[in-house]
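> Have a look at this one.
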Amino acid sequence: MSSIADNIGSVTRRIQKATLKAGRSAGSVYLLAVSKTRPADELRTAYSAGQRAFGENYVQEALDKMEELKELDAIEWHFIGPIQSNKTRQIAEAFAWAHSVDRLKIAQRLNDQRPPTLPPLNICLQVNINNEESKSGCALEELIDMADAIEEMPNLSLRGLMAIPDPDQPEAELRSSFRKLANALKHMRQEASGCGPLDTLSMGMSGDLEMAIEEGATWVRVGTALFGPR
Ligand SMILES: *Cc1c(COP(=O)(O)O)cnc(C)c1O
C-alpha cells in the first residue's frame, strides 16, 4: 500500500519529468491536491509532506476542514467545484483561488463580496471545451467580453483558464481540448491584456497530467493519484 507522502513524491516526479520533456522551465507547473471527500487528517499528512495547495469542490465540506486545519501556516485553498450564487460569499471570504468561474454574475458577486482586507481573489474562467450540454463552463467565444468586464473588478485577479475535458475521450481529442484552452489563453493575452496576469492554465488530472503539461498546464489538479480512489 502506498502512502500519501509516497504518492506526492511520485506525482511530483511525474510533473518534473513531463515539464522537462516539454522543454519548460522547472517549477513552472504546480500541483493542486484535490482533497474533496477526504478527511482533514489526510490533508494534514499531505501538508507534512510539503503540500500547500488544496482543491475543494464543496463549500461546507471545505469550511469544516479549514476550521480543523487552521493552525497550518501558508496552507492555500482553491475552490474548483461548480459555483452557486448563494455560495459566493463563503468562497470570496475563505479561498485564495476560484478555478471554476463560468459566468459574469458569479464574478461580480465574488468581487463585491471579497473582503478588501484580503488580496484580490485569484480566478480562472472555466471553459466548456467540448461544448457539452450538461457540463458547466462558458463558451470560448464569450471569453474576451468576460475578461473585459472583469477588468473593472478590483477585488479579482484574472489568472487564466480552467477546463475539465472528458478524460475518457480518445487521446488525440483530449490533446486537442488542452490545446484549444492554451490557444484561447494566448488569444486573451493579445486581445485583453489589461485584464490580469493571464498566466494560468488549470488543466490535467491524475490520468492525463503529462499530456496537459505538454500542452501548457500550469496547475494540474490531482486527487486519485494522491489520496486513492474516492
Ligand atoms: C475531482 C476533480 C479533480 C481530480 O480528479 P482525479 O482524477 O481524482 O485526479 C480535478 N479537477 C476537478 C474539477 C475535480 O472535480
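The values are calculated or read from the model by the stated rules, or taken from the named source; none is laboratory data. Keep in mind that this is a model prediction, so the values were computed, not measured. Here the Cβ is made from the backbone with ideal geometry for all residues, glycine too, and neighbour counts use every protein chain on show.
> Yes or no: residue 19 on the phi < 0 side of the Ramachandran plot and within 15 Å of the ligand (Cβ to nearest atom)?
Against the criterion (on the phi < 0 side of the Ramachandran plot and within 15 Å of the ligand (Cβ to nearest atom)), residue 19 does not qualify.
One line per residue, one yes/no per condition, for (1) part of a helix (DSSP H, G or I); (2) within 27 Å of residue 45 (Cα to Cα):
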{"site": "152", "(1), (2)": "no, no"}
{"site": "182", "(1), (2)": "yes, no"}
{"site": "189", "(1), (2)": "yes, no"}
{"site": "194", "(1), (2)": "yes, no"}
{"site": "198", "(1), (2)": "no, no"}
{"site": "206", "(1), (2)": "no, yes"}
{"site": "216", "(1), (2)": "no, no"}
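> So which residues in the stretch 107-125 are within 16 Å of the ligand (Cβ to nearest atom) and crowded, with 22+ Cβ neighbours inside 10 Å?
123, 124, 125 - these are the residues of the stretch 107-125 that are within 16 Å of the ligand (Cβ to nearest atom) and crowded, with 22+ Cβ neighbours inside 10 Å.
> Regarding the stretch 47-58, can at least one residue be identified that is out of contact with any helix residue (DSSP H, G or I) (no Cβ under 9 Å at 6 or more places or on another chain), at pLDDT 95 or above, polar (S, T, N, Q) and within 22 Å of residue 220 (Cβ to Cβ)?
yes
> Where in the stretch 1-110 are the strands (runs of 3 or more DSSP E), entirely inside, with at least 3 residues that are in contact (Cβ under 8 Å) with a residue 40 or more places away in the chain?
30-34, 97-101
> Same structure again: Would you confirm whether or not the stretch 22-33 contains a residue that is more than 12 Å from residue 226 (Cα to Cα) and in contact with a strand residue (DSSP E or B) (Cβ under 9 Å, 6 or more places away or on another chain)?
There is at least one residue in the stretch 22-33 that is more than 12 Å from residue 226 (Cα to Cα) and in contact with a strand residue (DSSP E or B) (Cβ under 9 Å, 6 or more places away or on another chain).
> Let me ask you something else. Looking only at the stretch 112-142, count how many residues are touching a residue at least 24 places away in the same chain (Cβ under 8 Å), assigned to a helix (DSSP H, G or I) and more than 18 Å from the chain's Cα centre (by Cα).
Number satisfying all stated conditions: 2.
> Among the residues of the stretch 89-146, which ones are more than 18 Å from residue 32 (Cβ to Cβ) and of a type in the set (Val, Ile, Thr)?
106, 117, 129, 144
> Follow-up. Of all residues being of a type in the set (Gly, Ala, Ser) and away from the ligand (no atom under 16 Å from the Cβ) in the stretch 135-167, which is surrounded by the most Cβ atoms within 10 Å (Cβ to Cβ)? Just the residue, please.
Among those residues, the one meeting the criterion is 147.
> What's the number of the only condition in (1) more than 16 Å from the ligand (Cβ to nearest atom); (2) under 22 Å from residue 97 (Cα atoms) that residue 214 fails to meet?
For residue 214, the failing item is (2).
> Turning to a different aspect of this structure: Looking at 61, 56, 93, 132, can you tell me which residue is surrounded by fewer than 21 Cβ atoms within 10 Å (Cβ to Cβ) and closer than 29 Å to residue 176 by Cα?
That would be 132, the only listed residue that is surrounded by fewer than 21 Cβ atoms within 10 Å (Cβ to Cβ) and closer than 29 Å to residue 176 by Cα.
> Checking residue 158 against (1) closer than 18 Å to residue 80 by Cα; (2) not in a strand (DSSP E or B): exactly one of these is not met. Which one?
Failed condition: (2).
> Could you tell me whether the stretch 193-210 includes any residue that is more than 16 Å from the ligand (Cβ to nearest atom), of a type in the set (Asp, Glu) and over 23 Å from residue 52 (Cβ atoms)?
No: zero hits.
> Among the residues of the stretch 49-68, write down those that are within 25 Å of residue 6 (Cα to Cα) and touching a strand residue (DSSP E or B) at 6+ places or on another chain (Cβ under 9 Å).
Selection gives 51, 52, 53, 54, 55, 56, 57, 62, 65, 66.
> Pick out the one residue from 184, 147, 217 that is farther than 18 Å from residue 122 by Cα, in contact (Cβ under 8 Å) with a residue 40 or more places away in the chain and touching a strand residue (DSSP E or B) at 6+ places or on another chain (Cβ under 7 Å).
Testing whether each residue is farther than 18 Å from residue 122 by Cα, in contact (Cβ under 8 Å) with a residue 40 or more places away in the chain and touching a strand residue (DSSP E or B) at 6+ places or on another chain (Cβ under 7 Å) leaves just 184.
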